[in-house]
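Undergrad: Below are the structure tokens for one structure; questions will follow.
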Amino acid sequence: MPEMLSVRNLRVEVTAHQPDGSSSRLVLVDDVSFDVSKGKVLGLIGESGAGKSTIGLTALAYGRGGVCMTGGQVLLDGEDISKLDTRGIRSVRGARVAYVAQSAAAAFNPAHKLGRQVIEAAFRHGIMTREEARKRAVYLFGVLGLPDPENFGERYPHQVSGGQLQRAMTAMALCANPELIVFDEPTTALDVTTQIEVLAAIKHAIAETNTAALYITHDLAVVAQISDDIMVLRHGKMVEYGPTRQIIEAPREEYTRALVSIRQTSREAARPDGDVLLNIEGLTAGYSDVDVLQDISLSLPKGQTFAVVGESGSGKSTLARVITGLLPPRTGTIAFNGTPLPPARKDRSREQLRRIQMIYQMADTAMNPRQKIRDIIGRPLTLYFGTRGQAKTGRVKELLEQIEMGPQFLDRYPAELSGGQKQRVAIARALAAKPELILCDEPTSALDPLVAEGILKLLLRLQEETAVSYLFITHDIAIVRAIADRVAVMHRGRVVRQGAKTAVLSPPFDDYTDLLLRSVPEMEIGWLERVLEGRRGNQRQSAAPIEMERS
Amino acid sequence: MSAQEETVSGQPGNQMSAARRGAPAPAAGRAARSKNSLGYLIARRMALGIALLFAASMLIFGGVEALPGDFATTYLGQEATPQAVANIREELGLDRPMTERYLSWLGGILQGDFGTSWSNHNSVGEQIWKRLSDSLLLAGVSALISIPLAIGLGMIAVLYRNRIPDKVISILSLAAISLPEFFIGYLLIQFFTVQLGISEFPATVYDGMSLGERLSAIVLPVATLVTVVLAHMMRMTRSAILNVMSSAYVETAELKGLSALRIIAEHAAPNAVAPVVTVIALNLAALVVGVVVVEVVFVYPGIGQYMVDAVTVRDMPVVQGCGLLFAAIYIVLNMVADIVSILANPRLRHPR
């Protein structure tokens, strides 16, 4: 009996058009083979550009842009779908193979009700009548733990939360009873506390409907919870392919070992506190008539790393904007080195501005694409110290050495650098001002794990060399464990817990910190079930807040 | 405008999640929601339109006042003795202060009275309505031809994106945008009337003409107007549809195995309505206002010709009345476009 999906020696290429009119062919996926059988889940894992999504989409005979399959076979229940004509491909898509996209918020049509979109494929392909499809959708909404399944389909996409949309997208994929579902990073855009619920819902729904699935992600801990087999990809080539337990517990390849061990870096306990560098008292700030930050007080010792952790919308980035003076607070004071800072940026002296620098999440949008690296790093040198000419070039070279990049980058443009290199240049630019405090706003969350690891190591080394302090904004507990001295946990605009790292990250916890810490996926098979079991136990005892969070 | 408000209301994450949890929404949240209700937004847009109209009336009145030249001097010509000029100015009430004249002019218009023409003592209102219907015939026929044509060509351009039909349409429309309308008018006259002799010039219409005769008389001015607005509308339609077609939900529809026609009709079209309607409204306004030049070129007795004639003899009530009418058409069409965009936005139609 043939496997549900069987991919043989897959090769995918894209035609890249150069501005000068010539075109070249790039190989995205080369010689990849795997099998998925009914009721099983194969995890595809790798960094960005590894070809994961490209492989997933070939199961639907689809290529984004000029991507096309140039070799191998994609056998769906024994039939090669790459040989089908347009009509044949259409009868596969949505009916036999379904796709769950990374951003459900963008993938749902804002103009139509959810229910109509969920049943569309099942109904249009003539698999069931409109009424049958509606009944099945209601059943699936229930299986996926959506509130009020009977009426959930009557809502519009903007009327439900991101986590609910992602579950609705899964219902949409399952509705037509497909033989195979491709999940393309379905939880990457979600907060950890929401991710765990969606993950559990997907796992439950796959088991319930006995569908085969491809699960694409860059997070090994997530894929460990959900898949039976794992394939590790890099640069479009297969690195390692085997059962989940073997990949997680006994990886054979160097690269897989690096991926597995990535979350295990951590730094020793916080160092003894020195003098206070930044002290914030009773800070309240917001936009229009809404307070995004409420009564924030925290103090940051010199030469230490202060991590601010929380979910999206908790006010972390707003806090950074207030400290830089971009958003003057309504009430409260900010003291730097014992002297109060003027609330608005325009009232601060150049010397005060120099001492606080910032690194952003998206390094490429934080740089002028038309400036060379020497100008990007050199700008603060001229601005704050009046350095010019030879001296400036010399100092830029020094800074490039510090961030482990050589002088050959002096005359490059940002577009010629990789994501990790751009972030390094951003760090050098901050460092050029010789600041005492660097605000790091999620500097690694847009980067692949191994590259992010390199950036974190660089930041720690620079701290040892220059005794600079970091205010490190992140949603990732693993990063907090790795680099922080002190931690503040933010939730809905308030600091719910703060102190030395070891104290904040050890029990007894408040409800929110507990929920947050338990939700971070761990590289351990069976973790998901264990946590969900624990949560249910908790709920039986008291925990109303978690239930409220859900719906 | 509406999108901006939405982000403001969408920003308070804690407030939204409070509503999601089913907890009683805080008072601020309720206020923000009623501020974004459909009725409020539409009422506010209409109020803005009326305010704009008043501002326009002031500008027009002030602007015409500030024009160099004087009716009395122009009217009397050689006989303009200081005494005669003063007599006429007094007769027309020009000796009163400007604010007083503005208020009485505005008061008259609010009651439907546009005043009387200085040069022939006819009612300006009656003349305007008569002339306007002729102009609207011109603009209306142009719109009837250009709108479906623009949307159709825009869709063809999308369907054959970056291929020969798209490129041909794109080059021709760029050429049409680049030429001023009077030049296009003269080109058409030169070619069709002078060289081929197959169409009429001037395109004058009279009271006793049947509709058929009128339509055959206005072929050339209509062709000119269509050429001018078509290109802009077509390009905007193309980019609006392309924008929607590249969105993630269209990819979702494609991965559901739907047919191309169904994807365009059910998933792309509802989201392209707002931008396309905005472009159409803007171009309709440009059409009505653009008839001024075209009417003069083709000697067509519409409102544009009427206004230009009045300007030459400094007949202020007529110039002001026509100016206000053009402003009103522009403002109302834009207001309609904005209201359609508000109505087409599902987030505003179905609040949380």
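No lab work stands behind these numbers, since they all come straight from the coordinates. If you're wondering where the values come from, they're calculated on a predicted model, not measured in any experiment. Here Cβ is always computed from backbone atoms with ideal geometry, including for glycine, and neighbour counts include all displayed protein chains.
Undergrad: Take B:PHE54, A:PHE108 and order them by how many other Cβ atoms sit within 10 Å, fewest up front.
TA: Ascending Cβ contact count within 10 Å gives the list B:PHE54, A:PHE108.
Undergrad: Also, quick follow-up: Would you compute, from DSSP H runs of 4+ residues alone, the mean residue ellipticity of chain B at 222 nm, taking -39500 (n - 2.57) per run and dividing by the full residue count, rounded to the nearest 500?
TA: Values: 17 runs with 259 residues, N = 352.
-24000 deg cm²/dmol, from helical runs alone.
Undergrad: Another question about this same structure. At a 10 Å Cβ-Cβ cut-off, how would you order A:TRP527, B:TRP118, fewest neighbours first?
TA: Fewest-to-most Cβ neighbours within 10 Å comes out as A:TRP527, B:TRP118.
Undergrad: What whole number of Å gives the distance from the Cα centroid of segment A:418-461 to the Cα centroid of segment A:310-327?
TA: Cα centroid of segment A:310-327 versus Cα centroid of segment A:418-461: 19 Å apart.
Undergrad: Between A:ARG245 and A:THR86, what FRET efficiency follows from the Cβ-Cβ distance if R0 is 41 Å, with the result rounded to 0.05?
TA: On the way: r = 42 Å, r/R0 = 1.02.
Step by step, r from the Cβ atoms, then E = 0.45.
Undergrad: What FRET efficiency do you get for A:ASP77 and A:HIS204 if R0 is 22 Å and r is their Cβ-Cβ distance, rounded to the nearest 0.05?
TA: Numbers: r = 25 Å, r/R0 = 1.12.
Working from the Cβ atoms, E equals 0.35.
Undergrad: From other protein chains only, count the Cβ atoms within 10 Å of every residue's Cβ in A:106-115, then give the mean.
TA: 6
Undergrad: Here's another thing I want to ask about it. Taking the Cα-to-Cβ direction at A:ASP289 and at A:ASN177 and moving 7 Å from each Cα, how far apart do the two end points lie in nm?
TA: 5.4 nm
Undergrad: Also, I was wondering about something else. If you take the beta carbon distance between A:LEU326 and A:ASP411 as r and set R0 to 35 Å, what does 1/(1 + (r/R0)^6) give as a FRET efficiency, to the nearest 0.05?
TA: Numbers: r = 32 Å, r/R0 = 0.91.
E between A:LEU326 and A:ASP411, to the nearest 0.05, is 0.65.
Undergrad: Just grab the label-to-label distance for B:SER259 and A:LYS237, each label 7 Å out from Cα along the Cβ direction, in nm (one decimal).
TA: 4.6 nm
Undergrad: On C-alpha positions alone, give me the angle between the axis of helix B:316-344 and the longest principal axis of chain B, in degrees, nearest 10.
TA: It works out to around 10 degrees.
Undergrad: Given the pairs A:LYS397/A:LYS434; A:LYS302/A:LYS501; A:LYS237/B:LYS256, which are separated by over 20 angstrom at their Cα positions?
TA: Pairs exceeding the cut-off: A:LYS237/B:LYS256.
Undergrad: Among B:ARG262, A:ARG350, A:ARG155, which comes first, second and so on when ranked by fewest other beta-carbon atoms within 10 Å?
TA: So the residues, fewest neighbours to most, are A:ARG350, B:ARG262, A:ARG155.
Undergrad: So if I place +1 on the C-beta of Lys and Arg and -1 on the C-beta of Asp and Glu, and nothing else carries charge, what would the dipole magnitude of segment A:3-262 be about its Cα centre? I want it in debye, nearest 20.
TA: Numbers: 27 positive and 30 negative charges, 129 e Å.
Approximately 620 debye in magnitude.
Undergrad: Would you please name the GluC sites (Glu not before Pro) within segment A:331-408 that are DSSP coil residues with at most 14 other C-beta atoms within 10 Å of their C-beta?
TA: In loop regions of segment A:331-408 (DSSP not H, G, I, E or B), the sparsely surrounded GluC sites (Glu not before Pro) are A:GLU404.
Undergrad: In whole angstrom, note down how far apart the Cα centers of segment A:94-171 and segment A:476-527 are.
TA: Distance between centres, Cα-based: 34 Å.
Undergrad: Once both labels are modelled 7 Å past Cα along the beta-carbon direction, what's the A:GLU524-B:ASN120 spacing in nm?
TA: 9.6 nm
Undergrad: Relative to the compact-globule scaling 2.2 N^0.38 Å, provide the ratio for the alpha-carbon radius of gyration of segment A:3-262.
TA: Here the Cα radius of gyration is 1.01 times the empirical estimate.
Undergrad: Ignore the peptide's own chain and count Cβ atoms of other chains within 10 Å of each Cβ in A:305-314; give me the average, rounded.
TA: Details: counts 0, 0, 0, 0, 0, 0, 1, 1, 6, 2.
Averaged over the peptide's residues, the number is 1.
Undergrad: Averaged over peptide A:157-167, how many Cβ atoms belonging to another chain are found within 10 Å of each residue's Cβ?
TA: 2
Undergrad: What's the ranking of B:241-248, B:156-163, B:206-213 by average number of surrounding C-beta atoms within 10 Å, highest first? Each step should come with its number before you reach the end.
TA: On the way: B:241-248: 16.8, B:156-163: 14.8, B:206-213: 8.9.
For the peptides B:241-248, B:156-163, B:206-213, the packing ranking is B:241-248, B:156-163, B:206-213.
Undergrad: Quick one: Cα centre-to-centre distance for segment A:198-216 and segment B:134-165, in angstrom?
TA: 49 Å
Undergrad: What is the log10 of I(q)/I(0) for the protein assembly as shown, computed with the Debye formula using one identical point scatterer on each Cα and no solvent, at q = 0.06, 0.08 Å⁻¹?
TA: Values, matching the q order: -0.59, -0.95.
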